[in-house]
Amino acid sequence: QVQLVESGGGLVQPGGSLRVSCVASGSTSTIYVMGWYRQAPGTQRELVATMTNSKSTTYADSVKGRFTISRDNVKNTVYLQMNSLKPEDTADYYCNAVNFYSTYWGEGTQVTVSS
């Protein structure tokens with residue numbers, strides 16, 4: 001089992017920056033990819049960014065050049081640095097981890113981009 005706890009969400013003005021974090025606990029040695037997804041009201045959950053153990057990354061087209069995913073394997077933490085935020089980035093952001101047995105989700109952290 002893997003447990004994920006997100007933090008760092010909040011209210012930010014358009015053009016601003018925010019970093020969200022996710023700490024993994026439990027069977028963290030079995031994880032081979034971690035990432036971030038988001039879900040805005042009335043929409044489906046969508047991929048934002050992922051990073052494998054070998055540091056290979058994937059980004060949604062809508063965030064390329066603005067968001068950066070990183071991992072600290074010693075701290076079992078994955079970060080999402082979000083720059084040049086837009087109102088359409090407003091959503092609940094969910095941490096995700098995958099191992100050979102299952103997919104795990106955090107409870108989410110809310111990000112609101114508004115003036």
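The values are calculated or read from the model by the stated rules, or taken from the named source; none is laboratory data. The structure presented is a predicted model; accordingly, all values stated were derived computationally and were not measured. No Cβ is skipped: glycine too gets one built from the backbone with ideal geometry, and neighbour counts run over all protein chains shown. Areas reflect the complete protein model, heavy atoms only, side chains present, ligands, DNA and RNA absent. Shrake-Rupley method; radii C 1.70, N 1.55, O 1.52, S 1.80 Å.
Is it the case that Val78 is touching a Cys at 6+ places or on another chain (Cβ under 6 Å), over 24 Å from Ser115 (Cβ atoms), hydrophobic (A, V, I, L, M, F, W, C) and at pLDDT 95 or above?
For Val78, the condition - touching a Cys at 6+ places or on another chain (Cβ under 6 Å), over 24 Å from Ser115 (Cβ atoms), hydrophobic (A, V, I, L, M, F, W, C) and at pLDDT 95 or above - is met.
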- Task: Of the numbered conditions (1) surrounded by 13 or more Cβ atoms within 10 Å (Cβ to Cβ); (2) within 17 Å of Ser7 (Cα to Cα); (3) of a type outside the set (Asp, Glu), Lys75 fails exactly one; give the number of that condition.
- Result: (1)
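Kindly indicate whether Gly26 is within 17 Å of Asp92 (Cα to Cα) and either open to solvent by 20 Å² or more (accessible area, probe 1.4 Å) or touching a residue at least 60 places away in the same chain (Cβ under 8 Å) (or both).
no
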- Query: Can you tell me which residue in the stretch 6-18 is surrounded by the most Cβ atoms within 10 Å (Cβ to Cβ), limited to those that are within 11 Å of the chain's Cα centre (by Cα) and assigned to a strand (DSSP E or B)?
  - Reply: Glu6
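Taking strands (runs of 3 or more DSSP E) that fall entirely within the stretch 43-104, which contain at least 3 residues that are within 20 Å of Thr28 (Cβ to Cβ)?
Numbers: elements: 46-52, 57-59, 67-72, 77-82, 91-98.
Output list reads 46-52, 67-72, 77-82, 91-98.
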- Task: Starting from the stretch 85-105, keep only residues that are farther than 15 Å from Val63 by Cβ, then list their pairs with residues that are at pLDDT below 95 and in a helix (DSSP H, G or I) whose Cβ atoms are within a distance under 8 Å, requiring at least 6 positions of separation or different chains.
- Result: Asn99/Thr30; Phe100/Thr30; Tyr101/Thr30
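If I filter the stretch 19-42 down to residues being in a strand (DSSP E or B) and of a type in the set (S, T, N, Q), which single residue comes out as modelled with the lowest pLDDT?
The qualifying residue modelled with the lowest pLDDT is Ser25.
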